[in-house]
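Structure, as structure tokens:
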Amino acid sequence: MAYQWSNRIVGHSEADPATLVANDKNFRRHPKRQRLALAGGIHEVGFLRSVTVNRATGRIIDGHLRVELALRQKQAAI
């Protein structure tokens, strides 16, 4: 049976990566190979996916590595 989907996206904007707070419950640790691959892809193509932040907690839900790379590259916004 089909049902109506609820949209939980409440906004989209750019932010200074230095203001984003990592989620202390994030269990993912990206190996060097994956970090290099993502950095290369962003350099060649650009960002294809935004970082997801919980507005209630202010913590990153998805995109920890993208934020880490933005900080290393001294990007003003992500």
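Just a few scattered comments:
- Any chance ASN23 is in contact with a Lys or Arg (Cβ under 6 Å, 6 or more places away or on another chain) and modelled with pLDDT under 95: yes
- Cβ pairs under 9 Å, 6+ apart, first in region 53-78 and hydroxyl-bearing (Ser, Thr, Tyr), second crowded, with 19+ Cβ neighbours inside 10 Å and assigned to a helix (DSSP H, G or I): none
- Residue match in region 25-47 (condition: part of a strand (DSSP E or B) and either open to solvent by 100 Å² or more (accessible area, probe 1.4 Å) or of a type in the set (Ser, Thr, Tyr) (or both)): no
- The residues of region 63-78 that are open to solvent by less than 100 Å² (accessible area, probe 1.4 Å) and either assigned to a helix (DSSP H, G or I) or among the aromatic types (Phe, Trp, Tyr) (or both), listed by number, are HIS64, LEU65, ARG66, VAL67, GLU68, LEU69, ALA70, LEU71.
- Meets criteria (in a loop (DSSP other than H, G, I, E, B) and open to solvent by 80 Å² or more (accessible area, probe 1.4 Å)) for ALA15: no
- Residue that is most open to solvent (accessible area, probe 1.4 Å) [pool: residues in region 49-62 that are under 15 Å from GLY11 (Cβ atoms), assigned to a loop (DSSP other than H, G, I, E, B) and not polar (S, T, N, Q)]: ARG55
The values are calculated or read from the model by the stated rules, or taken from the named source; none is laboratory data. Predicted, not measured: the structure shown is a model, and the values here were computed from it. Reconstructed Cβ throughout: ideal geometry from the backbone, glycine too, with neighbour counts over all protein chains shown. Areas reflect the complete protein model, heavy atoms only, side chains present, ligands, DNA and RNA absent. Shrake-Rupley method; radii C 1.70, N 1.55, O 1.52, S 1.80 Å.
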